[in-house]
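Read-outs: derived from the displayed coordinates by stated rules, not from any lab. Everything quoted here is computed from the prediction, not taken from an experiment. Because the Cβ atoms are built from the backbone with ideal geometry, glycine has one as well, and the counts that use them run over all protein chains shown.
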Amino acid sequence: MAAEQEEGFVVRDRRGGSGPDRPAATVDAASGAQPHQHVAPSDPHQGSGIPVTFSSFVISLGSSSLMLMGEQLDPQQPPMPANLPQAKEIIDLLSVLEAKTKGNLTTEEQAELRDMLYALRMKYVSLAAK
């Protein structure tokens, strides 16, 4: 009996263009593993113009949770219907983040995370009680 040997295949990502600076990734079909390749870090100022920081990450998650609790953050946009289970998931995610980063944050970052969690929890409790 001849053993079948699976050959790898090539995946080409054409979203960001192609060329010598974007090599194709070779994938082993049997394991799905990709060989290690160097990926240049993306420029945090590219795109939105605002660098991603821990504080902006916390604010982004907090804003998402507020929107899921029915808060209208942009007066020009229609309000979203409340989705308390999803809002609670984000609050829980921020709680995990607080626990896992304990002792590794600056005073400002720690205060921002603590204050955001307090505000979100109070709003959630008031809405869940209704």
From phi via Karplus (6.51, -1.76, 1.60), per-residue ³J(HN,Hα) for segment 52-66 in Hz, x at Gly/Pro: 7, 10, 4, 4, 5, 5, 5, 5, 4, 5, x, 5, 4, 5, 4
Among M116, L97, G70 the positive-end extreme of the charge dipole of segment 65-119 (Cβ point charges): L97
Nonlocal amide H pairs with N83, under 5 Å, H built at 1.01 Å: M69, G70
Residue-wise HN-Hα coupling along segment 94-102, computed from phi with Karplus coefficients 6.51, -1.76, 1.60 (Hz; x: Gly, Pro): 5, 5, 5, 4, 4, 5, 6, 9, 4
Percent breakdown of C-alpha pair distances by 5 Å bin, ordered from the shortest bin, for segment 54-128: 3, 16, 28, 23, 15, 9, 4, 1
